[in-house]
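K.L.:
Once you've had a glance at the structure underneath, I'll fire off some questions.
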Amino acid sequence: MPGAEHGTTGYANRPVHPALRQYVDDVIGYSSDAPPPELHRGLPSRHLTIVVTLDEPLGIRWPGGPLQKHDALIGGLHSTAVVIAGTASCAGVQLALTPAAARTLFGLPPGELGSMVVNLDELLGRRAAQLTDQLRETPTWSQRFDLLEGLLLRRLQDRRPATVRPELGWAWLRLCESNGAVGVQELASEVGWSRRHLTDRFVTEFGLAPKVAARILRFERVTAHLRRQPRPRLVDVAAAAGFADQSHLTREFQAIAGCSPRRWMAEELPNLPVNPSGNPQAAAIVPASSAGSH
């Protein structure tokens, strides 16, 4: 198949179809012969996430909330980690979607999915169960990716182009391009709105306030550094990501991930080998496998 299929890491991926690149940043297949980790933190990112399991349901819960199990799910933008636990699932397909995908492919603003994980059938109806069954019956990653792309391409053709207010699109782009380094007042001045009006409209569209989105994008930059460097100096990571000092970085990491950077590296990095796509932001929900190929 085009792309890469890695028996040692349990990952497979290939370039996204050109017509979908505005809406899908990454498509990953994952599998393992080993039991899943007892706990994995699904970190917040700039992406909405779709996961379709190929074996057992995936267990998801918000901190302090009940465990919910999904054969196929979509998660919106969120500001704190979700917990993946209580699951026997070792194989599935994950898509990292841009916020634009919500309106164009599913007919709703991404804010309606903000800080939520729901069954995919809430957006696709019976087609979600059919897709899950088809993916599980399909023998190769290449054919599974074809099924997913075919579904999304048909939805793209069947729907009228959806657009967001240009001011909001610009604000989101500026935040992403700067990794959260642009202040809310500066964004508001650039689009010609008051700070309050920008914040209200941004929350409605994306499900997060612009200040919170900026925090997540800075945090995303930190985790990308930690994935790339085997023994990083946290003081250097903090400086590179725009934090005042290492203590500031640690407080933010604790607030967003629910643990310290050192603990996250010890518990999570062994299960998170380098994403085969090279996109450090793409693996928001599912932990990497350590062995096997489905």
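The values are calculated or read from the model by the stated rules, or taken from the named source; none is laboratory data. Every value quoted in this text rests on a predicted model; they were computed, and no experiment measured them. Cβ sites come from the backbone with ideal geometry, for glycine too, and all protein chains shown count toward neighbours. All accessible areas refer to the heavy atoms of the entire protein, side chains included, with ligands and DNA or RNA removed. Shrake-Rupley method; radii C 1.70, N 1.55, O 1.52, S 1.80 Å.
K.L.:
Using the crude model of +1 on Lys and Arg Cβ and -1 on Asp and Glu Cβ, and no other charge, please compute the dipole size for the chain relative to its Cα centre, in debye to 20.
P.N.:
Dipole of the chain, to the nearest 20 debye: 660 debye.
K.L.:
In terms of modelled amide H atoms, which long-range or inter-chain residues lie less than 5 Å from the amide H of Asp71?
P.N.:
When sequence neighbours closer than 5 places are left aside, the close amide H contacts are Leu58.
K.L.:
Okay, moving on. In percent, how large is the relative contact order of the chain, given Cα pairs closer than 8 Å and 6 or more residues apart?
P.N.:
Reported as a whole number, the value is 27 percent.
K.L.:
What is the log10 of I(q)/I(0) for the chain, computed with the Debye formula using one identical point scatterer on each Cα and no solvent, at q = 0.12 Å⁻¹?
P.N.:
-0.77
K.L.:
Taking region 180-244, which trypsin sites (Lys or Arg not before Pro) meet the DSSP loop condition and have no more than 14 other C-beta atoms within 10 Å?
P.N.:
Arg233
K.L.:
With a 1.4 Å probe and all protein chains left in place, how much of the accessible area of the chain comes from carbon and sulfur atoms, in whole percent?
P.N.:
50
K.L.:
Something else: I'd like the trypsin sites (Lys or Arg not before Pro) in region 122-174 restricted to DSSP loop residues with at most 16 other Cβ atoms within 10 Å, sorted by number.
P.N.:
Taking region 122-174 and a limit of 16 other Cβ atoms within 10 Å, the loop trypsin sites (Lys or Arg not before Pro) found are Arg159.
K.L.:
Taking amide H atoms as placed 1.01 Å from N in the peptide plane, list the residues 5 or more away in sequence, or in a different chain, whose amide H sits under 5 Å from that of Gly10.
P.N.:
So Gly10 has HN proximity to Gly292.
K.L.:
Hey, another quick one. Using a 1.4 Å probe, what is the accessible area per residue for the chain, in Å²?
P.N.:
With all protein chains present, the chain gives 44 Å² per residue.
K.L.:
Something else: Report the dimensions of region 87-221 along its three principal axes from the alpha-carbon atoms, largest first, rounded to Å.
P.N.:
52, 34, 23
K.L.:
If you don't mind, another one. Please report the spacing between the Cα centers of region 121-162 and region 69-88 in Å, no decimals.
P.N.:
Centre-to-centre distance over Cα atoms comes out at 20 Å.
K.L.:
Sticking with this structure for a sec: GNM, the chain, Cα, under 10 Å: largest mean-square fluctuation among Ala128, Ala214, Ala19?
P.N.:
Of Ala128, Ala214, Ala19, the Gaussian network model singles out Ala19 as fluctuating most.
K.L.:
Starting from the Cα of Gln134, step 7 Å along the direction of its Cβ; do the same at Arg195; then give the gap between the two resulting points in nm.
P.N.:
4.9
K.L.:
Turning to a different aspect of this structure: How big is region 203-248 in terms of Cα radius of gyration and Dmax, in angstroms?
P.N.:
Considering region 203-248 through its Cα atoms, Rg and Dmax are 12.5, 40 Å.
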